[in-house]
1. Quick check on the exposure proxy: order C:Met210, C:Met253, B:Met35, A:Met258 from fewest to most C-beta atoms within 10 angstrom.
2. Can you give me the distance in nm between label points at C:Lys15 and B:Phe24, each placed 7 Å from the Cα along the Cα-to-Cβ direction?
3. Take C:Arg256 and A:Tyr34, extend 7 Å from each Cα along the Cα→Cβ direction, and tell me the distance between the two endpoints in nm.
4. Relative to the present Cα-Cα distance, how much length would full extension add between C:Gln186 and C:Ser60 at 0.36 nm per residue of separation?
5. Out of the range C:176-260, which trypsin sites (Lys or Arg not before Pro) are coil in DSSP terms and have no more than 14 other C-beta atoms within 10 Å?
6. Using amide H atoms built 1.01 Å from N in the peptide plane, name the residues 5+ places from B:Ile73, or on other chains, whose amide H lies under 5 Å from its own.
7. How much length is gained if the chain between B:Arg159 and B:Trp222 is pulled fully straight, taking 0.36 nm per residue apart and subtracting their Cα-Cα distance, in nm to one decimal?
8. Counting only GluC sites (Glu not before Pro) that sit in a DSSP loop (anything but H, G, I, E, B) with at most 12 other Cβ atoms within 10 Å, what is the longest stretch of chain B containing none of them?
Amino acid sequence: MITTMAVAIAEKRIGRRGESVYSGRAKAVLERSYLAFRSSAWIVVLTGFLEPVMYLFSFGYGVGKLIGKIEVAPGHFVSYAAFIAPALLATSAMNGAIYDSTWNVFFKLRFDRVYQGMLATSMGPLDVALGEMAWALIRGLAYATAFMIIVGLLGLITTPVALLAIPAAVLIAFGFAAIGMAVTTYIKSFEQMNLINIVMLPMFLFSGSFYPLSIYPGWLQLFIKSLPLWHGVVLIRSVSLGIVNTSLIPHIIYFLVMILLGLFFTTKRLTQLFMR
Amino acid sequence: MTDLSRRGSLVIIDTDRTLKRGVFYVIEARLRTMMHWIFSLLTGSLLNPFFYLASLGIGVGTFINQRAGSAGIDGVKYIIFLAPALLSAVAIQDFMGEVVFPTLQGFKWEKTFFAMNATPLTGRQIALGTYFSSLIRTIGSVVIYFAVLVGFGAVDPARAWPSMVTSLYAAACFGAFMLGAAAHAENDDLFLNLMGRLLIMPLFLFSGTFYPISSMPLPLQWLGWASPLWHATELGRWVSYGHHLSGSMIAIHFGYLAIFLVTGLLWAFNRFDYRLSK
Amino acid sequence: MQNEELIVAKGLTKKYGDFTAVNEIDFAVRKGESFGFLGPNGAGKSTTMRIIAATLTRTSGQISILGKDPADRGPEIRAHLGVVPQQDNLDQALTVTDNLYIYGRYFGLPRKFVKSKIDELLEFAQLTDKRNAKVESLSGGMKRRLTIARALISEPEILMLDEPTTGLDPQARHILWDRLFRLKEQGVTLLITTHYMDEAEQLCDRLMVMDKGSIMAEDSPADLIKKFSTKEVLEVRFGSDRNSQVSDQLKTMCERIEVLPDRILMYADDAELLLESIHRASLHPLTSLVRRSSLEDVFLRLTGRSLIE
Ligand SMILES: Nc1ncnc2c1ncn2[C@@H]1O[C@H](COP(=O)(O)OP(=O)(O)O)[C@@H](O)[C@H]1O
Ligand SMILES: [Mg+2]
């Protein structure tokens, strides 16, 4: 038996927990995303963060003129633009993460067979899952930062605490990326992929992004409050208003659970699909 | 002898028929493909605007109506103001999608146009076939969506039905232009990306869909004036609830949209012939 | 150790639901040899390869690769292997060089090490002038060579190739065979599946003939022919109607015949002599051809079917 460098590296991990699913090489998968990104069109990258900005201008100023100020806490009114900006940030974190972890993953999984190639090496499925999500997060971080800069320039940031919206956006992105990737590993056709979009849009439109939930009947409010985007919107809206207290903990836990469930099922499914 | 002449005439009749009906063959092929996707088509093109109507028309509408009081927006309740714009947006987006994707598919993904072109079908027939099958599909979407609007009480069917026609007209005009653009696109990924982010999205957001375009700062109003959706929406509001339009403005709206139709079709014919003979 | 056995399988079985794709097969692959699985589509070759590559778990039986069980030592085993799957899975989003580079990184190899190997591998795969090209733009043969080069980035002891030349034109095949010979000279153990008999004859020291998940025979190509066929074959055609009429009479004239839809194969050590006796019996075939026995004949003998349907 010849001990090459690849073998020596693999043998170093013998006896570690989860050695068959994780080799500590998520960064190689991340590096792959970077290499692929390097050769993609810059304009696509640049325009990627335009969506929330356009919504902000269109709704914040257009609809804002018709609606006026919104009461966010008893006696506390903010401009309509300031009201929707946090929701748009949460939504764009969600959309970006979902796009990266569903469509992109779907193609690599079913058409380009990229993961098959990765898993023929001494890496494991958890490396792949973590590496892919790390990329989604880096992108989310970049877009969230860009969005906050614009929001700041428009004078909608009134407290330094609001900068916590950036890590909050990354947390939201992580949660959606994890769940999105897990779901995608179960999906077989384009038809089913379309179902994802059908869930996403109403979540965006009804999660209290554009107006307070108070106009809905109680049962509908409860339902919406069980959806992840609502938690994201509340989280970012709170920190944007300078509110940081224990009331945020349930929202954070909600996303942590999403992350764990997503990672667990993605790893399990990739194992099933490629190493069964 | 008889055998030979029969064969000869058959060939002539066949070519003749293809020449005349080629467009219909292409339409038939397209409609058959669409039927495979009927579920996605329905959900994509109808569910989405339905959600917009429910969320914005009713949700945002509640707050807007409260503030506007009896004056209303453009003299009417918010949902009535919104309805013609959404109808036009549905028409334009569906028409656009139904020419862009088949065209990219035909030239790039599955190269079906080249297979069609190997039969007596010409580039122009394939272009027209793609165009008219999209028109048929869009008629379906517009009628169904109009029914949804009626269900929401957002339009008065007896009065507002011509808004289906103005929406279709706008969609057919801009669709022709997108047919040319899609036939022009060599880099499909880039084209789709830019179309989504720099065309569909701003079109939807800055065309006075959700509020009178005059609410926007002037530099952004330009976007609306250039947008086919704004022209379609103005016409739609005019026929739906009597939004005020002067005669010359009506002519401008129709005329502006017609420019897309004419240039678009010429562009498409040119590109289809060019790419199929390359 | 000359005859060290790197891969040993006993009673190896894989079932997909009720369907048995690989049925209790035994085999052993020795260090430095070129070992082939020959069989038609659906024989179970890819399934066997994927079990060896530790990307598919067996249903029952034993298998050890370098003394390890792939069921619980997957990552280590894969570190020893270079895998060229039946369908290319090159990374379409990356250039040729980046494909090699990132694959090395997947094995955890240091950047410097990987970069130092790239030139050599590009040279080997004859892709030096394509180094910055996107994978999309490569021809089928180039993609295949790149996949092989990629599999070599970790300096594997065993290189596994699943149908390496299926779908390639003759020239591309010969280039590829030449590259594989070089690897063999360097002492790499090769594991190849194919349904081309010429490829099996060219590349393999030892062959396992597979059909419907089972092993039909195992030996060197020459010995398989010796064992299961005669030295020569006479192919005669009498026209589709007469082929079956004359077959009874032909049967008595040689060791064995096979009646195919379009021709009759007659097995004999001296086919010229056989042809003469056919003419003497006034059976005048429309065409006749004398050739040496091949693995195709072996397969026909073993299964009663052709390799390529
Ligand atoms: N994932 C799978 N699920 C069910 N059946 C499979 C699967 N993979 C292969 N098979 C079946 O197992 C048999 C052997 O397949 P394979 O190993 O790919 O054969 P070969 O590579 O020799 O052509 C075939 O009949 C194939 O249809
Ligand atoms: Mg196979």
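Readers should treat all values here as calculations from the given coordinates under stated rules, not as data from a laboratory. All values reported here derive from a predicted model rather than from experimental measurement. Positions of Cβ are generated from backbone atoms using ideal geometry, with glycine treated the same way; all protein chains shown enter the neighbour counts.
1. Ranked by crowding around the Cβ, least crowded first: B:Met35, C:Met253, A:Met258, C:Met210.
2. 5.7
3. 6.2
4. Full-extension gain reported as 41.9 nm.
5. Listed in order of number, the matching sites are C:Lys231.
6. B:Tyr78
7. Gain on extension, B:Arg159 to B:Trp222, equals 19.6 nm.
8. B:1-109
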